[in-house]
Each structure stands twice: as structure tokens, then as C-alpha cells.
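Here's the structure, in C-alpha cells; my notes come after.
Bear in mind these aren't lab numbers, they're just calculated from the coordinates by the rules spelled out. Since the structure is predicted, the reported quantities are computational estimates derived from the model, not experimental observations. Cβ coordinates were reconstructed from backbone atoms using ideal geometry, including for glycine residues, and neighbour counts include every protein chain displayed.
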Amino acid sequence: MLGLPAHIRACLFDLDGVLTQTAKVHAAAWKEMFDGYLRERATREGTEFVPFDPVHDYDEYVDGRPREDGVRTFLAAREIRLPEGSPDDPPEAETVNGLGTRKNDLVLRRIREEGVEAYEGSVRFVHAVRAAGMRCAVVSSSANCRDVLVAAGIEDLFDERIDGVVAHERRLRGKPAPDTFLEGARALATEPAEAAVFEDALAGVEAGRAGRFGVVVGVDRVGQAEQLRAHGADVVVQDLAELLESR
Ligand SMILES: O=P(O)(O)OC[C@H]1O[C@@H](O)[C@H](O)[C@@H](O)[C@@H]1O
């Protein structure tokens, strides 16, 4: 039922890009931050400025991962290593944490100015799975997860939330490691094999595959169905409402 295998009893939803239209807000903020930094660096070192690609670089190195992992993974691809710094680093600090703070300031400004919208098809799908008696959790790398759920008005639809803040407190490895999804299944008292993972990020479907979940549903918002399958999606849809129609 609900377009899912019959043995599925619980659903684990990623947030940005699956439930809310915030993946593009993150991608734009990452681009603004990295381009500013790469330009500064190129000017200082007299080298060519190669901008951040909001499709390829975002999908491959940043999307779905915790903030600091996104900074580190993209910089490593450009062979740049920065000191870690500390979480209180100001946005001017040339450290992994400083660049993370710079980017977070941009995300928060965009969210404040533009607001947050949920995907209507996803909200409909969550209502349907809840009506069928399944428990639901949000599993997001974002430390802003709770605020985004509240801003989108969908916080009450979920029984549990494993987000960037919880992952940090419980020392869980970020996606593409399966830890946060496994913690989500545990919080819902469900075996991974009986839980469905819903993800739009390559690192996220990879985490679903690594955790041996019952089914990994890739949500393709940007035309990357093939890559989602290659990284671990069992099924790919463009909108979760398609699953309701496939009943
Ligand atoms: O910086 P935040 O809000 O803690 O979010 C961390 C990551 O959360 C993920 O959900 C997004 O796909 C990434 O783009 C983002 O960088």
C-alpha cells in the first residue's frame, strides 16, 4: 500500500528537498559563500577564480552532509585544507567552522526574507502514511531542522526528529554514514528492514543503502534520477504524491 513494499512500518524523511523547498536555498547560500571565499583566495594568490558549481559541486560534495563536512569535502576536492577552528568562530575566520558560519548566516537571512514552503505532495503523502498507522521521523543533517519545520508549519506531523543538533549531541556520524537514519529507526522502535528512507541527496540515498533499509526512495527534484539510483535509491520519484497514485 502507499506505493511501498508491504512490510514497511515506518517512514524516515529527509528534510531539505524532500519535505521542504529548502535544498535550493542551501545550494544558493553555499554558492554565495564559496564564491566569495574562492574569489578572495584567488586574488590573494594571483590564481584563477573557478566558481562553485551549484549543481555538480553541490550534489557531489555538499548536499545532505552536515555543514562542516560540506565545507571540508568541497575544499578537499579543490585541494584546499583549512584549520578546523571552533564552533564559535566568527564568519570572517578562515577556518572550516568560520566558512560554515558564513554560509549559515546567508541561509538564515534567505529563510527570514523568503520564508519556507513545504512540498504539497510530500505533506499529502505524510498524512496518508500516518492515516495508515505508520510512524514518521525527520532525519536531517541540518542544525536548522526544527526552525524550518516550524516555519513550514509541519512540525506536528512527525513523531521523532534526528537532526544536526541531535547528531552532534549523540556523536552520530553524518550522511553518507547510515547512523542518523539508524537512530531514526531506533527512535520509532522499528528495524531498519521495516523502514523506508526518503531522500533527495546522493549522500542521503547512500546512507539509506549503507543502513540496509527496507526501501530507499530517491526524490529527484533536479534531474539526477540516474545518480540517485547509482548511489542507492531502489525507486526514484519526482514527487512523493506519485507513490499515492501508484496504489
Ligand atoms: O547548515 P545546516 O542548516 O546545519 O544544514 C546542513 C546541511 O543540511 C542538509 O539537509 C542540506 O542538504 C545541506 O545543504 C546543508 O548544508
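When a/c is below 1.5 the answer is rounded, else prolate if a/b is larger than b/c, else oblate, so apply that to the stretch 111-247 with a ≥ b ≥ c taken from the square roots of the Cα gyration tensor eigenvalues.
Values: a/c = 1.20, a/b = 1.02, b/c = 1.18.
The shape class here is rounded.
Roughly speaking, what is the centre-to-centre gap between the stretch 121-173 and the stretch 44-107 when only Cα atoms are used, to the nearest Å? If you average the Cα positions of each part, the centres end up 26 Å apart.
Applying the criteria of a DSSP loop state and at most 10 other Cβ atoms within 10 Å to the trypsin sites (Lys or Arg not before Pro) of the stretch 1-88 yields R81.
Using only side-chain charges placed at the Cβ, +1 for Lys and Arg and -1 for Asp and Glu, the dipole size of the chain relative to its Cα centre rounds to 440 debye. The aspartates and glutamates within cross-link reach of K24, meaning a Cα-to-Cα straight distance under 14 Å and a gap of 8 or more places when in the same chain, are D16, E32, D53, D57, D59, D63, E114, E117, D200, D220. The loop-placed GluC sites (Glu not before Pro) in the stretch 69-127, going by DSSP, that have at most 16 neighbouring Cβ atoms within 10 Å of their Cβ come out as E79, E84, E92, E94, E117.
Dipole of the chain computed with +1 at Lys/Arg Cβ and -1 at Asp/Glu Cβ about the Cα centre; of G223, L202, Q21, farthest Cα towards the positive end is L202. For the chain, the relative contact order is 25 percent, taking Cα pairs closer than 8 Å that sit 6 or more residues apart in sequence and dividing their mean separation by the residue count.
Give me the extension gain from E92 to A225: residue separation times 0.36 nm, minus the current Cα-Cα distance, reported in nm with one decimal.
44.1 nm
The sum of -39500 (n - 2.57) across all DSSP H runs of n ≥ 4, divided by the residue count of the chain, sets its helix-only mean residue ellipticity at 222 nm to -13500 deg cm²/dmol. Share of Cα-Cα pairs in the chain beyond 30 Å, in percent? The answer is 24 percent, as a whole percent.
Rg to Rh for the stretch 24-114: what is it, with Cα atoms only and Rh by Kirkwood? Reported Rg/Rh (Cα atoms, Kirkwood Rh): 0.94.
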